[in-house]
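Peer 1: Quick one: the structure is below, questions incoming.
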Amino acid sequence: EATNVPQKITLTNCYAEYSENFDFMFITAVNNQEGEDIQLNKCTFGRVTIYNAKQLNIYNSTIYNDIKVYGNVYHDNPIQVVQSNIGLVYLQGVSNTNFVECNIYNNNPTSTLPAVGIYSRVTTTTSFKKCSIANIEGSTARLLRSSNDNFENVTVNFDDCLFNEGTVYKEGESNLFIYFTRVGIHNCIFNIKNKLNFYGCLDISCKNNKFYNKGSGDSLVLI
């Protein structure tokens, strides 16, 4: 019932030791209910996992390892992350996400998850503004990745962002923007080793960007 769904959860100036699984987790199995509003302000966690929250707002926080957000098809699932440091971002089924002035840095060299992963069966729009997105030197993971499941509904926008790829280069391997259908890239800087691959993209807008090839491959951009 609706009365069993938390209406608002606010954590301010909270610190948790980094556990092996997660430090903060929210989950509800109640479908088609609204009112779950989660706010993290000036918090420090190792891992955060969110399932089926109506809204998620994170401000001035640090999440060292990863934040994983799983959406609910009944909800719009808006997420706002502002001026925060995050190990890596995993979004699944989340329809509306906005990162502003964030440092997203995958610091686990053995992780198979990308620094930013967007996976969905619903229409999604994810925006990054004035963000830094990087992975550790020698990483085996990709920098950015989406799934090929219903990818025609995925829109990703990058404005004034810095990309710095430390992934081990493999000849012929592509890395970025796999299956993002609509991509907007404006005023960004790319320091990448692998190919910048716009595979499956139907609408690409690139303006005022700088691309630097750190790898040994011949092609920097593939469409």
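Peer 1: Ignoring ligands and nucleic acids, what accessible area does V154 show with a 1.4 Å probe (Å², nearest 10)?
Peer 2: Its heavy atoms expose roughly 10 Å² to the probe.
Peer 1: Would you mind computing, in nm to one decimal, how far apart the modelled labels at T112 and S127 are, each placed 7 Å from Cα along Cα→Cβ?
Peer 2: Result for the modelled spin labels: 3.5 nm.
Peer 1: Right, next: Ignoring ligands, DNA and RNA, what percent of the accessible area of the range 67-127 is carbon or sulfur (1.4 Å)? It would help to have the intermediate numbers written out before the result.
Peer 2: Details: 1040 of 2260 Å².
Reported share for carbon and sulfur atoms: 46 percent.
Peer 1: Right, something else. Could you compute how much accessible surface R142 exposes when probed at 1.4 Å, giving the result in Å² to the nearest 10?
Peer 2: The accessible area of R142 comes to roughly 70 Å².
Peer 1: Rounded to whole Hz and in sequence order, give me ³J(HN,Hα) for the range 203-209 from the Karplus expression 6.51 cos²θ - 1.76 cosθ + 1.60, θ = phi - 60°, writing x for Gly and Pro.
Peer 2: My calculation for the range 203-209 gives 9, 10, 10, 10, 9, 6, 10 Hz in order.
Peer 1: On the principal axes of its Cα set, how long, how wide and how thick is the range 82-135? Give whole Å, largest value first.
Peer 2: 31, 25, 11
The values are calculated or read from the model by the stated rules, or taken from the named source; none is laboratory data. Owing to the predicted nature of the structure, the values given are computational and were not obtained by experimental measurement. FYI the Cβ positions are ideal-geometry reconstructions off the backbone, even for glycines, and counts take in every protein chain you see. Areas reflect the complete protein model, heavy atoms only, side chains present, ligands, DNA and RNA absent. Shrake-Rupley method; radii C 1.70, N 1.55, O 1.52, S 1.80 Å.
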